[in-house]
Amino acid sequence: MKRFRILGILAILVIVGDFAISFTAGWQEERDSFLAGSQSARAETPALYTPEGIPVEVRPLETTILDSLRNNKMNENLPYKIDKVSVAIVPSTWSNIVFCFVGFVALAILAGIYCLIRVLISISKRNVFTHENVVRMRVFTYSLLAFSILNALMEWLNYIEVVKQVSLPGYEIKGFSMSEDWLSLMVIVLFTEIFAVGVKMKEEQDLTI
């Protein structure tokens, strides 16, 4: 049991550390793209609304002549191609609406992470199959699922605006693809509900004893 407590503490540290690093990196990237896009848009069209930096996957056309970079070790120029760029667009009204909901769900994710930590603490105290842990697991799981759905919806809306607004000479924009790992999310939901069923069966078994 002591070993499990140590693993629980390590899991908590990993969760908190990963969240802090991801949040810091994501915030820095969004801020940089936001400021760069905003300054560029205002310089060209001052009346334009503040744009948003959107990552887009692209591929060169067959007729595109690729540029080259100098390889000092090989002492020659080698061709390169661009696979992904970040472009500035004017977000649609629907994107702004979804973004507001994403902000609220992000707060729910903070509560979900707190609940997950509480679950690990509860398990380390041998309080595993409890109704409180079921509620905590569901808060974490479904807040994460809701955030992923809204984020995917916002990515799709932004992709539509990119296709409408952006022209990339020599390149074409690839088809829409979501960044979320839906398989992992469905596995988390499945195990959460299995855990809930297990707790219910244990409660029914305790009542029959």
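Computed from the coordinates by the stated procedures, all read-outs in this text should not be read as laboratory data. All of these numbers come straight from a predicted model, not from anything done at the bench. Here Cβ is always computed from backbone atoms with ideal geometry, including for glycine, and neighbour counts include all displayed protein chains.
Whole angstrom only: what separates the Cα centroid of region 117-148 from the Cα centroid of region 173-203?
After rounding, the separation between the Cα centres reads 14 Å.
Grab the Cα-Cα distance for residue 156 and residue 191, subtract it from 0.36 nm times how many residues apart they are, and report the gain in nm with one decimal. Please list the in-between numbers first.
Working: separation 35, 0.36 × 35 = 12.60 nm, distance 2.84 nm.
Extra length available between residue 156 and residue 191 comes to 9.8 nm.
Can you give the FRET efficiency to the nearest 0.05 for residue 111 and residue 90, using r as the Cβ-Cβ distance and R₀ = 41 Å?
Working: r = 33 Å, r/R0 = 0.80.
Result of the calculation: an efficiency of 0.80.
Work out how much length residue 174 to residue 62 would gain on full extension: take 0.36 nm times their residue separation and subtract the Cα-Cα distance, in nm to one decimal. Kindly include the intermediate steps, with their values, before the conclusion.
Working: separation 112, 0.36 × 112 = 40.32 nm, distance 1.41 nm.
Between residue 174 and residue 62, full extension yields an extra 38.9 nm.
Pairs of alpha-carbon atoms within less than 8 angstrom and 6+ residues apart define the contacts here; what relative contact order does region 108-209 have, in percent?
On the way: 57 pairs, mean separation 35.2, N = 102.
Here the relative contact order equals 35 percent.
If the cut-off is 30 Å between C-alpha atoms, which lysines fall inside it for residue 200, apart from same-chain ones fewer than 8 positions away?
2, 125
Using only Cα positions of region 106-209, each an equal point scatterer, no hydration layer, compute I(q)/I(0) via Debye at q = 0.12, 0.22 Å⁻¹ and quote the log10 values to two decimals.
Debye curve over Cα of region 106-209, log10 I(q)/I(0) at q = 0.12, 0.22 Å⁻¹: -0.56, -1.13.
Sorted from fewest to most neighbouring beta carbons within 10 Å, what does the list 119, 14, 105 look like? Write down the numbers at each step before the final one.
Values: 119 23, 14 10, 105 19.
So the residues, fewest neighbours to most, are 14, 105, 119.
Using label points projected 7 Å from each Cα along Cα→Cβ, tell me how many nm separate residue 181 and residue 74, to one decimal.
My value for the distance between the label points is 3.3 nm.
How big is D for region 55-167, in µm² s⁻¹ as a whole number, if Stokes-Einstein is applied with the Kirkwood radius of its Cα pairs at 25 °C and 0.890 mPa s?
Values: Rh = 18.2 Å.
Answer, rounded: 135 µm²/s.
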